[in-house]
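Here the structure comes first, spelled out in structure tokens, and everything after it is commentary.
The values are calculated or read from the model by the stated rules, or taken from the named source; none is laboratory data. This is a predicted model, so every value here is computed, not measured. Note: ideal-geometry Cβ built from the backbone for every residue, glycine included; neighbour counts use all protein chains shown.
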Amino acid sequence: MGPISSLFLIFFEGLTTSIPFLEVRIFLNEILMLAIFGALFFLIFSISESYLQILATTIFFLFLIFSLYFMKILFEESKRRKEMERILKEERELAEAKDQFILAIQHHLRTPFGPVKGYLERILEGTYGREENPVIKEKLVEIKKLVDGLYSLVEALLDIQELKLKKEKLNLEDCQIENLIESVVEELLPLAQEKGLYLNYEKVKLPTIKVDKKRIREAIWNLVDNAIKYTRSGGVKISTKIENGKLKIVVSDTGIGMEKEEIEKFLEGKIFERGKEAKKMYGPGRGIGLALAVEFVKAHGGRILAKSEGFGKGSTFWIELPIK
């Protein structure tokens with residue numbers, strides 16, 4: 001029986017790999033039911049006792065009704081599965097089209113910003129002649145700051161889309177995270193001091209890990225900047241620790257805090273929806289910095305989490321990065 005059973009095994013393996021499992025199940029049930037029908041039909045005409053023939057015939061028709069009902073359920077399940085697959089395929093195609101569309105828009109936005117930045121720099125440097133009017137020069141400086149900010153934002157959004165679409169890879173290299181944090185603190189300390197806030201970093205020696213330095217630094221920068229922005233008094237504390245094989249970068253503030261609903265939205269990925277108090281305190285913000293931080297950390301196989309005891313009780317955000 002070895003050669004025959006081998007042929008059957010090859011046939012069955014080919015069947016299960018080429019046909020979805022549910023279709024295989026329907027096919028095998030049809031074969032099983034036909035076999036049982038054949039056996040019952042043979043039984044009806046092979047027995048002589050009339051009462052046994054009546055019993056066998058009754059069983060035959062009951063099994064027929066059951067089989068038809070059971071096959072109907074299987075076919076309906078198969079139909080629902082195919083419809084679900086079609087819907088999921090359409091959703092994937094729509095999501096991909098949306099991502100491609102956003103990427104194209106961002107590329108078109110970046111294209112004019114480069115020359116505008118260049119012209120502004122050359123005007124301020126006096127390449128086209130000196131501007132003696134101090135008011136005009138002041139406004140040009142302000143315009144350049146705005147253009148620089150928009151250019152950086154578009155660049156960051158392009159980074160996110162390209163990472164999502166696998167069009168760009170992370171530039172992983174050995175890094176001492178504490179050095180990145182120190183540079184962020186040094187850069188943002190004047191902003192905190194201007195608001196009368198403290199900005200403390202509890203530095204500890206950490207293991208070297210492989211990260212994209214530029215993107216992880218930007219993620220940390222955005223969390224700390226966000227904490228300073230939404231804190232009226234007190235300050236911001238940064239700490240790090242190794243826990244469960246992961247590096248945690250914790251940013252705690254004494255700011256306006258977050259309600260339970262806001263945290264739930266954040267954890268669900270609805271990071272552009274800021275709370276009412278946040279909008280009152282800082283109108284221009286749109287939560288984009290936090291969105292960038294989340295996506296950059298996610299690209300490293302990590303995540304960003306948040307907690308707060310409620311309004312007026314501060315917030316804590318922390319980055320979890322795998323130690324590789």
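Odds and ends about this structure:
For (1) assigned to a helix (DSSP H, G or I); (2) modelled with pLDDT of 80 or more, each residue gets a yes or a no:
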site: LEU68; (1), (2): yes, no
site: LYS72; (1), (2): yes, yes
site: GLU96; (1), (2): yes, no
site: ARG122; (1), (2): yes, yes
site: ARG130; (1), (2): no, no
site: LEU153; (1), (2): yes, no
site: LEU158; (1), (2): yes, no
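- Identity of the residue in region 40-62, modelled with pLDDT of 80 or more and surrounded by 12 or more Cβ atoms within 10 Å (Cβ to Cβ), that ends up farthest from PHE27 (Cα to Cα): LEU55
- LYS298 being over 20 Å from the mean Cα position of the chain (by Cα) and modelled with pLDDT of 85 or more: no
- Within the set GLU168, GLU178, the sole residue that is among the acidic types (Asp, Glu), over 25 Å from the mean Cα position of the chain (by Cα) and either at pLDDT 90 or above or outside any helix (DSSP H, G or I) (or both) turns out to be GLU178.
- Within region 98-120, the residues that satisfy the criterion of being closer than 30 Å to GLU138 by Cβ and either modelled with pLDDT under 65 or surrounded by 12 or more Cβ atoms within 10 Å (Cβ to Cβ) (or both) are LEU109, ARG110, PHE113, VAL116, LYS117, TYR119, LEU120.
- Listed by first and then second residue, the pairs with beta-carbon distance under 9 Å, at least 6 apart or on different chains, first residue in region 182-203 and in the same structural domain as VAL251 (by TED's automatic domain parsing) and in contact (Cβ under 8 Å) with a residue 60 or more places away in the chain, second surrounded by 14 or more Cβ atoms within 10 Å (Cβ to Cβ) and not β-branched (Val, Ile, Thr), form an empty list.
- Among residues of region 232-244 that are in contact (Cβ under 8 Å) with a residue 24 or more places away in the chain, those with a Cβ under 6 angstrom from a residue that is surrounded by 12 or more Cβ atoms within 10 Å (Cβ to Cβ) and small (Gly, Ala, Ser), sequence gap 6+ or separate chain, pair up as VAL236/ALA227; LYS237/SER252.
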